[in-house]
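Visitor: Below are the structure tokens for one structure; questions will follow.
The values are calculated or read from the model by the stated rules, or taken from the named source; none is laboratory data. Computed from a prediction, not measured in an experiment: that's the story for all the values here. As a convention, Cβ positions derive from the backbone with ideal geometry for all residues, glycine included, and neighbour counts pool all protein chains shown. To get the accessible areas, we keep the full protein, side chains included, count just its heavy atoms, and leave off ligands, DNA and RNA. Shrake-Rupley method; radii C 1.70, N 1.55, O 1.52, S 1.80 Å.
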Amino acid sequence: MDLVTDLKQANSGTPLSTVFPGTSLGQQLKTVAQLIRIRSQQGPGRQVYFVSQGGFDTHGGQAYQQFDMLRQVSQALAAFQLALSEIHAQQQVTSFTMSEFGRTLQPNSGGTDHAWGSHHLVVGAAVKGGLYGQFPDFTLGGKDDATGRGAWIPQFSNQQYGATLGRWFGADTDMLQNQVFKNELVNFPQADLGFMLG
């Protein structure tokens with residue numbers, strides 16, 4: 001119920017001058033930017049916003065679908081970053097992608113099948129730029145292929161990725177290891193992947 005009030009307040013204020021794309025993802029991120037702008041009136045505490053874009057399950061038509069979907073992600077995130085600058089929040093916000101699966105390197109008839117490892121984007125002023133990890137060996141059946149069809153074996157776990165973001169978000173090591181990830185982080189040699197400042 002509080003969110004409904006916040007959304008009404010966000011829509012009744014001065015509109016953002018940043019132009020967002022008319023895509024679903026663009027409009028979701030526009031709403032998030034409006035909510036961040038009124039964050040001082042919502043009281044103390046950290047905020048988490050979830051937006052989503054479907055359509056990446058490309059068993060067919062991948063050549064054009066993948067291009068269009070990634071274009072939408074690029075344009076929406078670019079507008080969001082501009083809006084964060086407009087509302088002077090670029091130092092406090094980090095955006096990141098998350099998916100439960102990747103795609104095979106080997107195509108099927110016009111697309112790809114479900115796989116394992118994938119790449120993610122982390123964007124914001126608190127991010128140490130660069131590529132973390134290494135690109136896999138693209139040889140089908142090679143050392144990084146779990147199935148012989150190009151299902152990459154991940155170099156990092158979702159727990160390591162989440163713990164790195166969680167530490168920036170303010171969680172301490174004990175909380176991350178014993179509460180958030182329930183003793184799963186101990187299974188990995190590196191809990192912090194190092195892509196966040198501070």
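Visitor: Let's see if you can work this out: charge +1 on each Lys and Arg Cβ, -1 on each Asp and Glu Cβ, no other charges. What is the dipole magnitude of the stretch 49-129 about its Cα centre, in debye to the nearest 20? The partial results should precede the final answer.
Guide: Working: 3 positive and 5 negative charges, 39 e Å.
Rounded to the nearest 20 debye, it is 180 debye.
Visitor: Using +1 at the Cβ of each Lys and Arg and -1 at the Cβ of each Asp and Glu in the chain, identify which of 183, 170, 25 lies farthest towards the dipole's positive end.
Guide: Looking along the dipole axis, the top candidate is 25.
Visitor: Angle check, please: helix 158-169 long axis (alpha carbons) against the longest principal axis of the chain (alpha carbons), in degrees 0 to 90, nearest 10.
Guide: Computed tilt is about 20 degrees.
Visitor: Something else now. Cα centroids of the stretch 107-131 and the stretch 10-89: how far apart, whole angstrom?
Guide: Here the answer is 18 Å between Cα centres.
Visitor: At 222 nm, what value in deg cm²/dmol follows for the chain if DSSP H runs of at least 4 each add -39500 (n - 2.57) and the sum is divided by all its residues, to the nearest 500?
Guide: On the way: 4 runs with 62 residues, N = 198.
Per the formula, -10500 deg cm²/dmol.
Visitor: Straight-line reach from residue 182: which lysines have a Cα under 24 Å away, not including same-chain ones fewer than 8 places off?
Guide: Output for residue 182: empty list, no partners.
Visitor: For the chain, give the percent of accessible area contributed by carbon and sulfur heavy atoms, probe 1.4 Å, rounded to a whole number.
Guide: Of all accessible area on the chain, carbon and sulfur atoms account for 57 percent.
Visitor: A follow-up question, please. Remind me, relative contact order of the chain in percent, using alpha carbon pairs under 8 angstrom and six or more residues apart? Show your work: numbers first, answer last.
Guide: Values: 248 pairs, mean separation 32.2, N = 198.
For the chain, the relative contact order is 16 percent.
Visitor: Right, next: In degrees between 0 and 90, to the nearest 10, how far off the longest principal axis of the chain does helix 62-86 point, with axes built from Cα atoms?
Guide: Result, in degrees: 30.
Visitor: Next question. Determine which lysines satisfy two conditions relative to residue 30: a Cα distance under 17 Å, and not lying fewer than 8 residues away in the same chain.
Guide: 8
Visitor: Another question about this same structure. Can you give the charge dipole size of the chain about its Cα centre, rounded to the nearest 20 debye, using +1 on the beta carbon of Lys and Arg and -1 on the beta carbon of Asp and Glu? Each step should come with its number before you reach the end.
Guide: Working: 12 positive and 14 negative charges, 88 e Å.
The dipole magnitude comes to about 420 debye.
Visitor: Could you give the accessible area per residue of the stretch 142-198, probe 1.4 Å, as a whole number in Å²?
Guide: Heavy-atom accessible area per residue stands at 55 Å².
Visitor: Looking at the chain, which longest stretch skips every one of the chymotrypsin sites (Phe, Trp or Tyr not before Pro) that is in a DSSP loop with at most 12 other Cβ atoms within 10 Å, leaving the sites themselves out? Please report the intermediate quantities before stating the final value.
Guide: Numbers: sites that count: 50, 138.
Within the chain, the longest run free of exposed chymotrypsin sites (Phe, Trp or Tyr not before Pro) spans 51-137.
Visitor: Compute, for the stretch 75-171, the length of the dipole vector about the Cα centre, with Cβ point charges of +1 (Lys, Arg) and -1 (Asp, Glu) only. Units Debye, rounded to 20.
Guide: Working: 5 positive and 6 negative charges, 32 e Å.
Using only the charged Cβ atoms, the result is roughly 160 debye.
Visitor: Stick to Cα atoms and the Kirkwood definition of Rh, then tell me Rg/Rh for the stretch 54-148. If you can, show how the numbers build up before the last one.
Guide: On the way: Rg = 16.3 Å, Rh = 15.5 Å.
My calculation of the ratio gives 1.05.
Visitor: Within 10 Å, count the other beta carbons around each residue, average over each peptide in 83-89, 30-36, and list them highest first.
Guide: On the way: 83-89: 16.6, 30-36: 19.6.
Going from most to least packed, we get 30-36, 83-89.
Visitor: Output the 0 to 90 degree angle, nearest 10, between the alpha-carbon long axis of helix 2-12 and the longest principal axis computed from the alpha carbons of the chain.
Guide: Result, in degrees: 70.
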